Amino acid sequence: MNQVLKSLTFLLLVICIILIFAWKYLNAMDTPFVYDRYVTGRNFVGRKMDCTILSNLLEGGENVVMYEPPKSGKMSVIQQTLYNRRASGKQFMVVHVNMFNVRTIEDFLVKYGTAVIRPLYSTQQEYASVVERHLGGTHFVFDPARFASCDEVVSVNWSLDANDMEQMLRLPAGIARERGVPYYVILEEFQMLMMDKRYEEVLKVLEAVLSERDPQVSFIFAGSQVNAMKYIFAERKFFYRMVEYLPLQPVDDREIIEHIVRGFMQTGKVIERELVLGACKLFRGQMWYLNHFTSICDTMTRGYLNEGILMEALKVIISIHEPRFISIVNDLTDHQLSFMKAVLDGVVKFSSSDVIERYHLNSSANVRRVKDALKKKEVLTFNEKDEPVIFDPLFEYWIRKHYFEME
């Protein structure tokens, strides 16, 4: 009997240890400071109005364009909106095409077609059937050998023409009619189409498709190269009056502070609200940076977070991103760096003679060339008042404090 009791006691001890470690692991995984993926649910902070507007646009069958700097929260807003719509009982289908590695029109259309078909069907016979039904008479086919080797549901057997593009871009509409359910098409990093010199061809075909105003299909165009997206949608005015521009509103500092203070409280830590406000100002309310920064802070203490811990965390996050920042400045010419120095000094009228002389910018014509080059490199943009805005808040801090060594 004693031996049995000892065995049971040992077993219970082992189970308790496993449960303790499992609890700690799950708590570590369930961190409120999420920065490695888009955020939905209870860790989604602010931007309720953005989600409401996007939901209303989708409900009305509208197409939407969103362009913001990298990691600004575009996908979180989109996914939270879809999450809210599902929670309210709305029925729809979604395809998400990340175009970050697209270099040609063929790359895009093959990836697009595969993404549209793959989630809705499961067998090779079904793939072949849907391609035949919706893409018959085009140069798109279902190739079992390509499917086996490259996981392509749609392949190309000849050079593509305008009819091929049109039929492929209409594919979601055809499937939506078959199933009687709306189809939302998310095209992430849409500006990558411009890598192909013939990009205007596919944009014009897509314009023709969108002009049909199919209420069952909504396109969401998202891009993180802001100036390239502005060129397509604002300067060249492709899709004019066919898409609604949805700019993301800044997240309120109060909501960010509550999110961070509450997140630390979950792990038994305390931070002063004034310190959190300082971090909000430094990172300009950019939630990706703030979550990464606070996650680093979270690993540095077991209790109270003081200013010293935040400064150490700032050094850590800078060390992570510094190679990227160095690469950016190494790609800038002397004139472009001088222009950046002027921006940091608060200059807004760059073509005035005293600014040109002070920053060695040579001439007003050269100023225009430098501005265009910095926009093309996606280092900065210019707002409606023609004032410069550096996209990356941590890069702005780093180039000011570490590169130019300004106070």
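The values are calculated or read from the model by the stated rules, or taken from the named source; none is laboratory data. Quick caveat: nothing in here was measured; it's all calculated off a predicted structure. Note that each Cβ is placed from the backbone with ideal geometry, even for glycine, and that neighbours are counted across all protein chains shown. Accessible surface areas use protein heavy atoms only, side chains included; no ligands, DNA or RNA. Shrake-Rupley method; radii C 1.70, N 1.55, O 1.52, S 1.80 Å.
The HN-Hα couplings worked out from phi for the range 102-117 by the Karplus form 6.51 cos²θ - 1.76 cosθ + 1.60 (θ = phi - 60°) are 7, 10, 9, 4, 4, 4, 4, 5, 5, 5, 4, x, 4, 5, 5, 8 Hz, whole numbers, x standing for Gly and Pro.
Annotation: amide H-H contacts under 5 Å for residue 94 (H modelled 1.01 Å from N, sequence separation of 5 or more, or interchain): 184. If you sort 348, 370 by accessible surface, 1.4 Å probe, largest first, the order is 348, 370. Among the listed pairs 230/315; 197/230; 90/197; 237/376, which have their C-alpha atoms separated by more than 28 angstrom in this model? Flagged as over cut-off: 230/315; 90/197. The tail of the calculated P(r) for the range 342-407, taken as Cα-Cα distances beyond 17 Å, holds 45 percent of the pairs.
Only helical runs count toward this figure. For the chain, summing -39,500 (n - 2.57) over DSSP H runs of n ≥ 4 and dividing by all residues gives -16500 deg cm²/dmol at 222 nm.
In this structure the amide hydrogen of residue 345, modeled in the peptide plane, comes within under 5 Å of no amide hydrogen from residues 5 or more places off or on another chain. Once backbone amide H atoms are built at 1.01 Å from N, residue 244 has 63, 64, 65 as its partners under 5 Å, excluding neighbours fewer than 5 places away on the same chain.
Beta bridges from DSSP with both residues in the chain: antiparallel share about 20 percent, rounded to the nearest 5. Decide, for the chain, between rounded, prolate and oblate: order the square roots of the alpha carbon gyration tensor eigenvalues as a ≥ b ≥ c, take rounded if a/c falls under 1.5, and otherwise choose prolate if a/b is larger than b/c, else oblate. Since a/c reaches 1.5 but b/c is at least a/b, the shape of the chain is classed as oblate.
Over 26 Å apart at the Cα level, from the set 48/111; 74/341; 48/204; 281/401, are 48/111; 74/341; 48/204. Once the Cα-Cα distance is subtracted from the 0.36 nm per residue extended length, the residue 38 to residue 150 segment shows a gain of 37.6 nm. For residue 92 and residue 122, the FRET efficiency from 1/(1 + (r/R0)^6), where r spans their Cβ atoms and R0 equals 22 Å, is about 0.65.
Rounded to whole numbers, the Karplus 3J(HN,Hα) couplings from phi for the range 88-96 are 8, x, 6, 9, 6, 10, 9, 10, 10 Hz, using 6.51 cos²θ - 1.76 cosθ + 1.60 with θ = phi - 60°, and x at Gly and Pro.
Distance from the Cα centre of the range 98-148 to that of the range 59-82, in angstrom? Distance between centres, Cα-based: 25 Å. What figure in square angstrom, to the nearest 10, would you give for the accessible area of residue 380 with a 1.4 Å probe? Only protein atoms counted, so the area is about 0 Å². Across the chain, Cα pairs under 8 Å and at least six residues apart give a relative contact order of 18 percent.
Given a 1.4 angstrom probe, I'd like the percentage of the accessible area of the range 285-397 that is carbon and sulfur, rounded to a whole number. All intermediate terms of the calculation are to be shown ahead of the outcome.
On the way: 2900 of 5740 Å².
The value for the range 285-397 is 51 percent carbon and sulfur by accessible area.
Using heavy atoms of the protein chains and a probe of 1.4 Å, the accessible area assigned to residue 401 is about 80 Å². Distance between the 7 Å Cα→Cβ label points at residue 312 and residue 203: 5.1 nm. For the range 379-385, backbone phi angles converted through the Karplus equation (6.51, -1.76, 1.60; θ = phi - 60°) give residue-by-residue couplings of 7, 8, 9, 10, 7, 5, 8 Hz, Gly and Pro being listed as x.
In the assembled protein chains, residue 90 presents an accessible area of approximately 80 Å² (probe radius 1.4 Å).
Remark: the range 193-279 carries 51 Å² of accessible area per residue (probe radius 1.4 Å; ligands, DNA and RNA excluded). Compute the Cα gyration tensor for the range 50-189, then decide on rounded, prolate or oblate, letting a ≥ b ≥ c be the square roots of its eigenvalues: rounded whenever a/c is under 1.5, prolate when a/b is larger than b/c in the other cases, and oblate in all that remain. Prolate shape, in that a/c is at least 1.5 and a/b is the bigger ratio.
Could you please put 237, 375, 385 in sequence from largest to smallest accessible area, using a 1.4 Å probe?
Result, largest first: 385, 237, 375.
Accessible area per residue for the range 62-160 is 46 Å², calculated with a 1.4 Å probe on protein heavy atoms, without ligands, DNA or RNA.
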